[in-house]
Amino acid sequence: MKLLIGSNPWTNSSVSRILRVVAYSTKTLSRPSASPSSPPDTLNIRISRSGDPKVSIVPVLNQWLEEGKPIKQPTVQVIIRQLRSLRRYKHALELSEYMSEEMKCNITVGDMAVRLDLISKVRGVDQAEKYFNSLPQGMRTFKVYGALLNCYANHKCLEKAEATMQIMRELRLPISAVSYNVLLNLYHRLGKHDKLDVLMQEMTDKGIKHDAYTNSIRLNSYVSTSDIEGMERFLSRIENDVEITMGWHPYLIASNAYSKANLTDKALQMLRRAEQLVPQGSRKYAYELFITVYANLGRKGDVYRVWELYRSLGKFFNSGYLCMISSLVKLDDLDGAERVLAEWESGCSLLDTRIPNLMISAYCRKGFVEKAEAYTKRLIERGVIKEPDAFILNSLAIGYHMDGQMAKAVESLRAAISTSSSGWKPNTGTLTACLKFLEGENNLEAAKEMLELLNVKGHLSIDVYDKLVRTIMDRSADVVPSTRQKDTVKLLMKKVQ
């Protein structure tokens with residue numbers, strides 16, 4: 001995929017021009033031509049190019065069948081796993097449903113567990129529970145209960161997660177360390193550190209060995225409470241436990257702990273020890289983490305050193321490029337980030353929109369909004385995206401705000417809100433600046449429209465929305481003092497943070 005960054009600025013650019021380009025663009029990613037340098041035309045490749053989560057992949061499946069090409073269940077299962085790894089949960093769920101409802105495949109318990117997890121991520125806990133309750137009692141194995149436990153943990157439903165674990169105990173299901181780790185991790189995320197040792201003791205009493213993930217959760221718990229001494233004691237204990245094979249990950253966690261405590265020398269010592277213990281099969285994942293930690297420590301030389309080790313693996317992964325570009329941006333090495341981006345563009349076959357989105361965000365936050373405009377335009381022209389999504393538009397709004405182009409910031413932010421989905425939030429500082437700008441322009445109607453958009457999209461509660469609109473209406477009648485206007489901005493900032 002070629003997406004070279006052009007040097008030409010986007011002359012007379014504006015968000016309205018972006019949207020005009022989008023409205024009249026009919027370009028889409030074309031099917032690869034049959035040349036030796038092109039990847040094969042597989043179902044996986046076609047689905048990977050349907051990266052927009054708002055666009056269904058069912059037409060891609062139907063077209064594949066219309067061309068007389070079969071779709072086999074093992075192939076679908078592999079693609080679902082890949083989509084999940086890329087966080088394309090909506091498309092993975094569509095495939096899961098297509099496999100059972102259109103292909104009429106014999107769905108395994110594992111398929112049910114995966115589908116339960118996907119429903120939870122795409123449609124929420126209530127729909128996941130509804131699907132679980134629809135399953136025959138005999139199909140509710142430890143895999144399905146484990147998936148339900150994981151759903152509750154992901155949504156921080158502590159009581160439901162604990163109740164599910166208790167049901168699994170009462171049914172005498174073969175609970176593994178994986179399920180215990182899910183609950184342990186939930187306790188850690190919720191700050192219930194006192195419950196960790198109790199649950200770990202239950203594992204010991206039942207003869208369930210603490211695995212590397214169990215120990216990592218406990219170490220991270222010490223780190224989150226800034227208990228360096230507790231972390232060192234626990235690390236020493238597992239180092240001296242003859243039943244535990246020490247891997248590299250505990251030392252990486254210790255490195256992060258020392259880094260947060262500004263103990264840089266100890267952090268580097270732990271990081272070097274971790275590097276020496278990485279097995280061949282874990283190097284991809286480990287190198288990505290090492291790059292991030294070295295960047296946090298400001299060690300640019302080590303970032304590039306580990307990147308070369310990563311590239312020497314002979315395989316190129318989107319996650320690695322995402323990690324490297326993010327780290328170079330953090331180190332203010334935009335030139336290096338652009339070089340890595342160009343390498344990714346010239347060699348990748350699976351689209352991951354997080355990578356171009358990251359670069360656009362970096363340009364905007366670093367004061368290069370014209371580069372962000374040019375790159376966004378290039379993505380549209382190449383058919384990589386059909387239109388700027390809420391993330392890109394929000395990034396552009398930040399860039400315009402930082403550059404003092406408030407009219408464009410307002411226009412871009414309004415477009416971002418219009419195209420946003422559940423879970424998205426605007427940049428608080430830019431939103432506040434846009435509302436203040438509209439107030440200064442005596443364009444209170446436009447401010448009200450922006451609030452209405454936030455309300456319609458579910459980013460404001462009805463009560464907060466009503467209070468803000470009433471304040472704006474009172475302001476237009478010149479009956480509310482300026483302190484009330486300031487309170488409105490504070491209220492809005494608190495709500496969207």
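Just so it is clear, none of the values below were taken in a lab; they were calculated from the coordinates. Because the structure is predicted, anything quoted here is derived from the model rather than measured. Here Cβ is always computed from backbone atoms with ideal geometry, including for glycine, and neighbour counts include all displayed protein chains.
For an R0 of 25 angstrom, estimate the FRET efficiency from the Cβ-Cβ distance between Arg87 and Asn62 and round to the nearest 0.05. Computed FRET efficiency for Arg87 and Asn62 comes out at 0.50. Using R0 = 30 Å, the C-beta based FRET efficiency linking Asn133 and His155 works out to 0.95.
The calculated FRET efficiency for Val242 paired with Leu309, based on their beta-carbon distance and R0 = 25 Å, is about 0.20.
Multiplying the residue separation of Glu381 and Asp332 by 0.36 nm and removing their Cα-Cα distance gives an extension gain of 14.8 nm.
Seen from all directions on average, region 216-281 presents a Cα convex hull projection of 4.5 nm².
Taking all Cα pairs closer than 8 Å and separated by 6 or more residues, the relative contact order of region 31-106 comes to 25 percent. Projecting label points 7 angstrom from Cα along Cα→Cβ for Asp41 and Asp265 puts them 6.4 nm apart. Length gained on full extension, Glu445 to Glu202, computed as 0.36 nm times the residue gap minus the Cα-Cα distance: 81.4 nm. Extending 7 Å from Cα along the Cβ direction at Val456 and again at Ser422 yields two label points whose distance is 1.9 nm. Filter Lys266/Lys371; Lys54/Lys377; Lys209/Lys330; Lys260/Lys386; Lys104/Lys156; Lys156/Lys209 down to the pairs with a C-alpha to C-alpha distance above 31 Å, please. Listed pairs above 31 Å: Lys266/Lys371; Lys209/Lys330; Lys260/Lys386; Lys104/Lys156.
Evaluated on region 31-106, the Kirkwood hydrodynamic radius is 12.9 Å, with distances taken between all distinct Cα atoms. For the pair Lys72 and Lys284 in one chain, pulling the backbone fully straight at 0.36 nm per residue adds 73.3 nm over the alpha carbon distance. Annotation for Arg339 and Lys195: the two label points, set 7 Å from Cα along the Cα-Cβ direction, are 4.9 nm apart.
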